[in-house]
Amino acid sequence: MLGAKEGETKPIPSQEKSPARAVTQEWTSQDAWAVYQLPFNDLLFRSQSVHREHFDPNRVQLSRLLNIKTGGCPEDCGYCSQSSHHSTAVAPSKLMEVEKIVAEARKAKESGATRYCMGAAWRNPKPRDMDAIVEIVGAVKQLGLETCLTLGMLDRGQADRLSAAGLDYYNHNIDTSESYYPSVISTRTFADRLDTLSHVHEAGMKVCCGGILGMGESEQDRVDMLVTLSNLPKAPESVPINMLIPIAGTPMAKAPPIGPIEFVRIVALARIMMPASFVRLSAGRSAMTDEMQALCFFAGANSIFVGDTLLTAGNPQDEADRKLFRRLGLEAL
Ligand code: SAM
Ligand code: DTB
Ligand code: SF4
């Protein structure tokens, strides 16, 4: 808190009155902002304390990603290499064959991943895609991996089918605050996003939902994104916090990068607001120093993507992550 007298602690509305907050507590934008702008040491002490109440602080869950259908997407998400609205280096492909997906998933398991996340560059799956998707979920589950899909919007019937197939998580990010959303995407609304999230939740699957920092949004937008996430009927079980990977040819290729301290503050706030959720340090780790990642883990991040490719962009090599884990004394969950 800049300008505060030494030793002075700014009371945090409602926080002070109820220190033992329920996991389902409703957050206001004002309360979240008050926590966000605490002195950095106070913020991280608090987030690390909350983290220890719910998780082993030295264990990090490992997920691995596979792009099962690349490019040619009709949506115009301003950050995305796979949108057909932008001229990027990504070439469109058809849906990958089940055998190839299973072979990749097997490698992921051997490398220590416990969750396998598969993404398709679709606005939504077409009815004709659903049989193949259900087969993919069954085949990957048989390897003993948790499964996660991100296929765009789902209707309730599709969500029920995926749930019945045994899908563990569905990833569908809100990406930013409701008010900044139209500056990022014009082909769907924030409300569309929330509709799919409610179908996923009501169908009984776990929700993976987060966003991207560094798209030109304000600090308030970042905080408000977390307010929306934490106030969903149930906080998402998994919260990916992505740092924008600037992609040549997209409208956000030259977006002003987010500072590391501001990034870590959001990770800490996510941990405090969603104490029992996995907070995933997602895209953008290749551009982060070990020290920044260490601060993110201290702030409460406890999941990462491993493997040298995300969907289309780079991620640290396995050896770099092994070295990082050794340096920090971290272990895979
Ligand atoms: N088409 C599906 C959808 O949009 O839900 C699934 C794939 S989409 C690529 C998954 C998420 O990756 C996006 O919601 C966004 O948060 C993240 N993402 C995509 N491109 C990114 C980039 N350049 N930098 C950081 N995160 C990105
Ligand atoms: C998420 O929040 N991040 C992952 C996953 N969910 C699907 C995707 C990151 C994509 C980074 C850019 C790319 O690889 O093209
Ligand atoms: Fe399509 Fe998803 Fe990329 Fe948006 S983020 S353009 S929906 S693949």
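No lab work stands behind these numbers, since they all come straight from the coordinates. Here the structure is a predicted model, which means the values were calculated and not measured. Positions of Cβ are backbone-derived with ideal geometry, glycine not excepted, and every protein chain shown enters the neighbour counts.
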Ile247 long-range amide H proximity, modeled H, under 5 Å: Ala253
Gly72 long-range amide H proximity, modeled H, under 5 Å: Ser84
Exposed-site-free run, longest, the chain (rule: GluC sites (Glu not before Pro); DSSP loop; at most 12 other C-beta within 10 Å): 98-333
Cα long-axis angle, helix 260-273 against the chain (0 to 90 degrees, to the nearest 10): 90
The chain: Cys lacking any partner C-beta under 4.7 angstrom: Cys73, Cys208, Cys209, Cys296
Normalised per residue, the volume of the convex hull around the Cα set of region 249-297 (Å³): 99
Alpha carbon centroid spacing (whole Å) that separates region 133-203 from region 253-305: 22
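Given a cut-off of 30 Å, name the pairs among Lys94/Lys141; Lys206/Lys254; Lys234/Lys254; Lys94/Lys323; Lys69/Lys323; Lys126/Lys234 whose C-alpha atoms lie farther apart than that in the structure shown. Don't skip to the end; give the middle numbers.
Values: Lys94/Lys141 22 Å; Lys206/Lys254 34 Å; Lys234/Lys254 35 Å; Lys94/Lys323 36 Å; Lys69/Lys323 32 Å; Lys126/Lys234 28 Å.
Table pairs above 30 Å Cα-Cα are Lys206/Lys254; Lys234/Lys254; Lys94/Lys323; Lys69/Lys323.
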Per-residue HN-Hα couplings for region 172-179 [Karplus 6.51, -1.76, 1.60; θ = phi - 60°; Hz; x = Gly/Pro]: 7, 8, 7, 6, 7, 6, 4, 6
Of the trypsin sites (Lys or Arg not before Pro) in region 227-298, those whose Cβ has at most 15 other Cβ within 10 Å and which sit in DSSP loop: Lys234, Lys254
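Once a ≥ b ≥ c are taken as the square roots of the eigenvalues of the Cα gyration tensor of region 29-332, is the result rounded (a/c under 1.5), prolate (a/b larger than b/c) or oblate (a/b not larger than b/c)?
Working: a/c = 1.41, a/b = 1.24, b/c = 1.13.
The shape class here is rounded.
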q = 0.16, 0.18, 0.23 Å⁻¹: log10 I(q)/I(0) that the Debye formula gives for region 100-203, counting C-alpha atoms only: -0.72, -0.87, -1.20
Value at 222 nm in deg cm²/dmol, rounded to 500, when DSSP H runs of n ≥ 4 in the chain each add -39,500 (n - 2.57): -11000 deg cm²/dmol
